[in-house]
Amino acid sequence: MDKFVITGGTPLDGEIETSGSKNSALPALAAALLTEEPVVLNRIPRVRDIRTMQRLLVDIGSKVDAEGEAVRLQTPKIACPEAPYELVKTMRASSLVLGPLVARCGRARVSLPGGCAIGARPINLHIFGLEQLGARINQAHGYIEAEAPEGLRGAIVHFDRITVTGTEDLMMAAVLARGETILRNAAREPEVADLAGLLRAMGAKIEGAGTSTIRIHGVEALHGAEHAIIPDRIEAGTFLIAAAITGGDLTIKRCNPEHVGALVAKLLQAGAEVDQPDGETLRVRGAVSAPGRLRSVDVTTEEYPGFATDLQAQYMALMTQAEGIALVVETIFENRFMHAQELARMGANIRLDGKQAIVAGPTPLTGASVIASDLRASASLVLAALVAKGETVIDRVYHIDRGYERIEAKLAQAGARITRVE
């Protein structure tokens, strides 16, 4: 099992390029199941979750050819409309094949998803939506079995709570349904809009993606297309925080500044300097010496365009180095403070109270042996280690490999003293 060994105390300096969005690439890969024709996706990140999804698509019947950041997929026939537990137990996104399979061949058998243990991500919202579209659903033995032998039909679906994967799944199911489907209280995340862009390039009729109401007019069939995945806003945000926490001077290239607007606003309030040289670049300079010391700033996670829950752990690490008391409130997942205990092992002063964490700073962090509990918790420990005195060993970094492409190499090129140990 791989580990990261990090020696802290070096301000990051230089340039880092962001990869394509993992959370956008996963539904895009699943969308290729909707047509017999080739789909070419560019800027696909080379991370563990993507490899798992590609293996799943091959089992289902796709031919997958990957070269660098480009992936070509073609599924002339659905050979096996199933996502088995053994293959998808480490990946939440397995549920994204449910909608495309039911839409394409009228049936699907998908294991209840695995992934990070950060709280409930109820699949019942996917099930409810598919039932509204006319699918018959049975859940047994850890699997969801869906059937629609006569095809899906358009309907009005109102999500009880905002769900990104649920919105994406239902959008993919509805593009081949008869009539019009309206998704209300839909997720507004950039990844949803990016998926809609791919589906429209394939011939789908979708309006309103990126808003809370999405209209889909079903079509008879989709065709092949080529599409470039948007930049990974969570990776970009992680590197922005890395610059701020180390007091560095880092330029983040090939990103979308608009997608990290909520984080940039918090960094500016905390005293970091953030400039936007052009439409896909951000430069961050951290303020770590008096009188420009970082200031504590409260944050509450929200659905987009609010502060992303996937940046909460990284932001908490930053607040350990800020002057004052910061309140970090988590409203999306009920079990997303597991990194707090590991940060405390490094010297952080954090008190948990239900859905909120109270972070007092600045506290000097020291290197320690810590364990990554989930994807974003892994990133928070890397950030803390970059500023800690001495050596930190982070175990179970397979979590971070699920969502970050060569993070150790990217940080090292900016001056971080980080190595991977097998």
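Criterion first (farther than 19 Å from Ala148 by Cα, assigned by TED's automatic domain parsing to the domain that holds Asp401 and hydroxyl-bearing (Ser, Thr, Tyr)) does Thr10 satisfy it?
Working: farther than 19 Å from Ala148 by Cα: yes; assigned by TED's automatic domain parsing to the domain that holds Asp401: yes; hydroxyl-bearing (Ser, Thr, Tyr): yes.
Criteria met by Thr10.
Restricting to region 314-331, and then to whatever is under 19 Å from the mean Cα position of the chain (by Cα) and part of a loop (DSSP other than H, G, I, E, B), can you tell me which residue is farthest from Ala379 (Cα to Cα)?
Checking each candidate, the answer is Thr331.
Out of all the residues in region 173-197, which are in a strand (DSSP E or B) and either buried (at least 20 other Cβ atoms within 10 Å of the Cβ) or at pLDDT below 95 (or both)? Before the answer, list the steps.
Our first condition is that a residue be in a strand (DSSP E or B); within region 173-197, this holds for 178, 180-184.
Thr181, Leu183, listed by residue number.
Take the conditions touching a helix residue (DSSP H, G or I) at 6+ places or on another chain (Cβ under 9 Å), under 16 Å from Ser94 (Cα atoms), at pLDDT 95 or above and among the hydrophobic types (A, V, I, L, M, F, W, C) and apply them to Leu170. Does it pass? Spell out how you get there, then give the answer.
Details: touching a helix residue (DSSP H, G or I) at 6+ places or on another chain (Cβ under 9 Å): yes; under 16 Å from Ser94 (Cα atoms): yes; at pLDDT 95 or above: yes; among the hydrophobic types (A, V, I, L, M, F, W, C): yes.
Judged against the criteria, Leu170 is a match.
Quick one: what pairs do we get from region 161-189, first residue farther than 21 Å from Pro305 by Cα, second basic (Lys, Arg), C-beta under 6 Å, 6+ apart or different chains?
So the pair list comes out as Ala177/Arg153; Arg178/Arg153; Gly179/Arg153; Ile182/Arg215.
Do you know which residues across region 263-274 are surrounded by 18 or more Cβ atoms within 10 Å (Cβ to Cβ) and in a helix (DSSP H, G or I)? Show your work before the answer.
The initial filter retains those residues of region 263-274 that are surrounded by 18 or more Cβ atoms within 10 Å (Cβ to Cβ), namely 263-264, 266-267, 270-272, 274.
Listed by number, the residues that qualify are Leu263, Val264, Lys266, Leu267, Ala270.
Quickly run through region 382-422 and pick out the residues that are in a helix (DSSP H, G or I) and either assigned by TED's automatic domain parsing to the domain that holds Asp49 or closer than 20 Å to Asp13 by Cβ (or both). Steps first, answer last, please.
As a first pass, look at region 382-422 and keep what is in a helix (DSSP H, G or I): 382-387, 398-401, 407-412.
Val382, Leu383, Ala384, Ala385, Leu386, Val387, Ile407, Glu408, Ala409, Lys410, Leu411, Ala412 - these are the residues of region 382-422 that are in a helix (DSSP H, G or I) and either assigned by TED's automatic domain parsing to the domain that holds Asp49 or closer than 20 Å to Asp13 by Cβ (or both).
Restricting to region 9-21, what's the tally of residues that are over 22 Å from the mean Cα position of the chain (by Cα) and crowded, with 23+ Cβ neighbours inside 10 Å?
1
Please count how many residues of region 189-218 are of a type in the set (D, E, K, R) and closer than 14 Å to Ile230 by Cβ. It would help to see each step written out before you state the result.
Taking region 189-218 first, the residues of a type in the set (D, E, K, R) are 189, 191, 194, 200, 205, 207, 215.
Now restrict to residues that are closer than 14 Å to Ile230 by Cβ: 189, 191, 194.
Number satisfying all stated conditions: 3.
Report yes if Ala379 is without any contact (Cβ under 8 Å) to a residue 12 or more places away in the chain, out of contact with any strand residue (DSSP E or B) (no Cβ under 8 Å at 6 or more places or on another chain), closer than 28 Å to Ile44 by Cα and not hydroxyl-bearing (Ser, Thr, Tyr), otherwise no.
Numbers: without any contact (Cβ under 8 Å) to a residue 12 or more places away in the chain: no; out of contact with any strand residue (DSSP E or B) (no Cβ under 8 Å at 6 or more places or on another chain): yes; closer than 28 Å to Ile44 by Cα: yes; not hydroxyl-bearing (Ser, Thr, Tyr): yes.
For Ala379, the condition - without any contact (Cβ under 8 Å) to a residue 12 or more places away in the chain, out of contact with any strand residue (DSSP E or B) (no Cβ under 8 Å at 6 or more places or on another chain), closer than 28 Å to Ile44 by Cα and not hydroxyl-bearing (Ser, Thr, Tyr) - is not met.
Inspect region 198-211 for any residue being in contact with a helix residue (DSSP H, G or I) (Cβ under 8 Å, 6 or more places away or on another chain), in a strand (DSSP E or B) and of a type in the set (Gly, Ala, Ser) and give the result as yes or no.
Yes, the conditions are met somewhere in region 198-211.
Can you tell me which residues in region 336-359 are small (Gly, Ala, Ser) and either under 20 Å from Ala379 (Cα atoms) or in contact with a Lys or Arg (Cβ under 7 Å, 6 or more places away or on another chain) (or both)? Lay out the reasoning, then the answer.
Here is the first cut: in region 336-359, the ones small (Gly, Ala, Ser) are 340, 344, 347-348, 354, 357.
Scanning region 336-359 gives Ala340, Ala344, Gly347, Ala348, Ala357.
Output the qualifying pairs, or none if there are none: Cβ atoms under 7 angstrom, residues six or more apart or on different chains, first residue in region 269-294 and closer than 18 Å to Ala242 by Cβ and modelled with pLDDT under 95, second residue in a loop (DSSP other than H, G, I, E, B) and of a type in the set (S, T, N, Q).
Hits for this filter: Leu294/Gln321.
Which residue out of Val71, Val58, Val5, Val40 is closer than 15 Å to His227 by Cα and out of contact with any helix residue (DSSP H, G or I) (no Cβ under 8 Å at 6 or more places or on another chain)? Don't jump to the end; show me each part of the working.
Values: Val71 fails: out of contact with any helix residue (DSSP H, G or I) (no Cβ under 8 Å at 6 or more places or on another chain); Val58 fails: closer than 15 Å to His227 by Cα; Val5 fails: closer than 15 Å to His227 by Cα.
The conditions single out Val40.
The values are calculated or read from the model by the stated rules, or taken from the named source; none is laboratory data. Keep in mind it's a predicted model, so treat the numbers as computed, not measured. Note: ideal-geometry Cβ built from the backbone for every residue, glycine included; neighbour counts use all protein chains shown.
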